[in-house]
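Data block below; observations after.
Quick note: the coordinates plus some simple rules give every number you see, no bench work behind them. The model shown is predicted, which means the values in this text are computed figures rather than measured ones. Positions of Cβ are generated from backbone atoms using ideal geometry, with glycine treated the same way; all protein chains shown enter the neighbour counts.
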Amino acid sequence: MDKKFTTRMMAEIGAAVALAVVLNFLKLWRMPQGGSVSLEMLPILIIAFRWGAGAGMFSGLVYGLLQLMFGAYIIHPVQLIMDYPLPYMMLGTAGLFSIRENDTIKPLKIFWAVLAAGLLRLLVHILSGVIFFSSYAPKGQNVWVYSAVYNGSFLIPTIIVTYVVVLIVMKTLEKK
Amino acid sequence: MLKDITIGQYIARDSLVHSLDARIKIIITAVLIAALFMVDSFTGFGIFFLFLMVSILLSKLPVMRVIKGLKPILFLILLTLFIHVFLTGGGEVLWSWKFISIESNGVYTGFFMVTRIFLLIMFTSLLTLTTSPLKLTDGIEYILSPLKRFGVPASELSMMMTIALRFIPTLLEEADKIMKAQMARGADFESGNLIERAKSLVPLLVPLFISAFRRADELALAMESRCYRGGEGRTRLHEMKYHYTDFIALFIILCLSVLVSNF
């Protein structure tokens, strides 16, 4: 067996991804043109903090593939990768940060981890938008601005909300 | 709140398209995506459209249900059309008013791009409409398995996907139960601003996480006590088997794609 994954890790990643799917149904806010704020990032981040960046990125991959199977909009082969597995895999990078000092969780360290992972996800979404428009829209449109505004409008609130909740949930889970 | 949720789009039917092997269907979809990018005339798209209609009929899916899948992407389609119609110039001027003009090249490219998007989305959703997520997971495992020698953990990936698929309904039910229990204690999940609403979910999230991780722990224990030790040499209850229809379907699509992309 691949030494990277213990059975327990695999079971936890599976359960965390299932949780992400469930949380994605609890929309906190919906944008008029698609895009919504939910806590789907939370379980993937918790796996990243618990088992490290590799496991975090893997759970992102599993989550992205499931979203793809549940009905994806594929309009370009590159967009397929950039819209589904890749942005969620980026969330796993939160696991690269150490979030503890003397065994207690530091809010500021979690903040940087969530921010970095969230911004990487945003970056991939922006790039995906640019690729879509450069292959379907006429040249000369300001695609970067449009894509950044569209994706940022729901991802930045998502990052803030996720940070607030991840902090409370991690602290509470620690006590139990 | 969490009741009446359908996960995924799969519609079970007893049809030819449903019974095709998941691996073949994934490959066919990839071939079709590539072919749709090579087509550069409406004749080519027309042939693919006819082929799409035949596939939908063969799959015995309700046509309206399939078309409805386009609704969330309608905005994008219309936007693409309008941008081209108004901004792409060249060719004959069809209509003009002050600084706005519609030129024939713009109309042509607009409809061309929209047709491509439409066909891409229809063919790819046909895959998820006619193949259950579990079969797709198995298909992905088979297709990725040649990469195992480069260290891609294909079996582990599909095992995690399968575990997640198994847990989704359980955790949905659990979330619903916890929400009702907290609401009975006076919890309010609906009001307040974004951060307040997110914070109000904490009484749901903590029990839900604890329960999910407890279940994962029990599952890992059960798997190990049944001697699970990764994908190597694992056997399955339902082996995937190719039938001759799978190869016929693949052959037809390859021929069609090669012919049409030369139009």
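Structure values in brief
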item: Nearest-20 debye value, segment B:155-232 charge dipole, Cβ charges on Lys, Arg, Asp, Glu; result: 140
item: Computed FRET value (nearest 0.05) for B:Ser101 with B:Leu78, which takes r as the C-beta separation and R₀ as 30 Å; result: 0.90
item: Rule-of-thumb Rg ratio for segment B:1-88 [Cα; 2.2 N^0.38 Å; N residues]; result: 1.36
item: Cα gyration tensor shape of segment B:175-218, rounded if a/c is under 1.5, else prolate or oblate by comparing a/b with b/c; result: oblate
item: Shape category assigned to segment B:164-263 from the gyration tensor of Cα positions, a/c cut at 1.5; result: oblate
item: In segment B:87-181, GluC sites (Glu not before Pro) in a DSSP loop with at most 10 other beta-carbon atoms within 10 Å; result: B:Glu92
item: For segment A:48-100, alpha-carbon Rg over 2.2 N^0.38 Å; result: 1.24
item: Alpha-carbon centroids, segment B:205-259 and segment A:1-58: separation in whole Å; result: 19
item: Separation in nanometres of the label points that stand 7 Å from Cα toward Cβ, at B:Phe111 and B:Thr170; result: 5.4
item: A:Lys106 paired with B:Arg236, simple spin-label distance in nm, labels 7 Å along Cα-to-beta-carbon; result: 4.7
item: Additional length obtainable on full extension of the chain from B:Thr43 to B:Ser15, 0.36 nm per residue less Cα span; result: 7.2 nm
item: Cα gyration tensor shape for chain B, rounded if a/c is under 1.5, else prolate or oblate; result: oblate
item: GNM top mover of B:Ser132, B:Ser101, B:Ser145 - chain B, alpha-carbon springs below 10 Å; result: B:Ser101
item: Projected label distance in nm at B:Ser191 and B:Arg214, using a 7 Å step from Cα toward the beta-carbon; result: 3.2
item: Mean Kyte hydropathy of 1.0 or more with a Cα span along the axis of at least 20 Å, helices from DSSP in chain A; result: A:7-25, A:53-69, A:107-136, A:143-175
item: Greater than 18 Å apart at Cα, pairs in A:Lys106/A:Lys171; A:Lys4/A:Lys109; A:Lys109/B:Lys199; B:Lys25/B:Lys135; B:Lys25/B:Lys148; A:Lys109/A:Lys171; result: A:Lys4/A:Lys109; A:Lys109/B:Lys199; B:Lys25/B:Lys148
item: The protein assembly as shown - Debye-derived log10 I(q)/I(0), Cα point model, q = 0.07, 0.09, 0.12 Å⁻¹; result: -0.39, -0.64, -1.10
item: With Cα atoms, 0 to 90° folded angle of helix B:133-144 axis to chain B main axis; result: 80
item: Chain A: projected area of the alpha-carbon convex hull, averaged over directions, in nm²; result: 11.2
item: Cα-based helix-to-principal-axis angle, B:74-87 vs chain B, degrees rounded to 10; result: 30
item: Mean Cα-pair separation over length for chain B, i.e. relative contact order, pairs under 8 Å, 6 or more apart, %; result: 30
item: Sparsely packed trypsin sites (Lys or Arg not before Pro) within segment A:1-70, loop by DSSP, other Cβ within 10 Å at most 15; result: A:Lys3, A:Lys4, A:Lys27
item: All-pairs Cα distance distribution in segment B:219-263, expressed in whole percent, bin size 5 Å; result: 5, 15, 12, 12, 9, 9, 8, 10, 9, 6, 4, 1
item: Of B:Ile252, A:Gly92, B:Leu36, farthest towards positive along the dipole that unit charges on Lys, Arg, Asp, Glu beta carbons give the protein assembly as shown; result: A:Gly92
item: Within the protein assembly as shown: Cβ-based charge dipole about Cα centre, in debye rounded to nearest 20 (Lys, Arg +1; Asp, Glu -1); result: 660
item: Chain A: relative contact order as a whole-number percent, Cα under 8 Å and 6+ apart; result: 21
item: Separation between Cα centres of segment B:177-199 and segment B:34-90, rounded to whole Å; result: 42
item: Sparse-neighbourhood loop sites, trypsin sites (Lys or Arg not before Pro) in segment B:129-187 - DSSP loop, at most 13 other Cβ within 10 angstrom; result: B:Arg185
item: Average Cα contact separation per residue, segment B:155-232, under 8 Å, 6 or more apart, as relative contact order %; result: 41
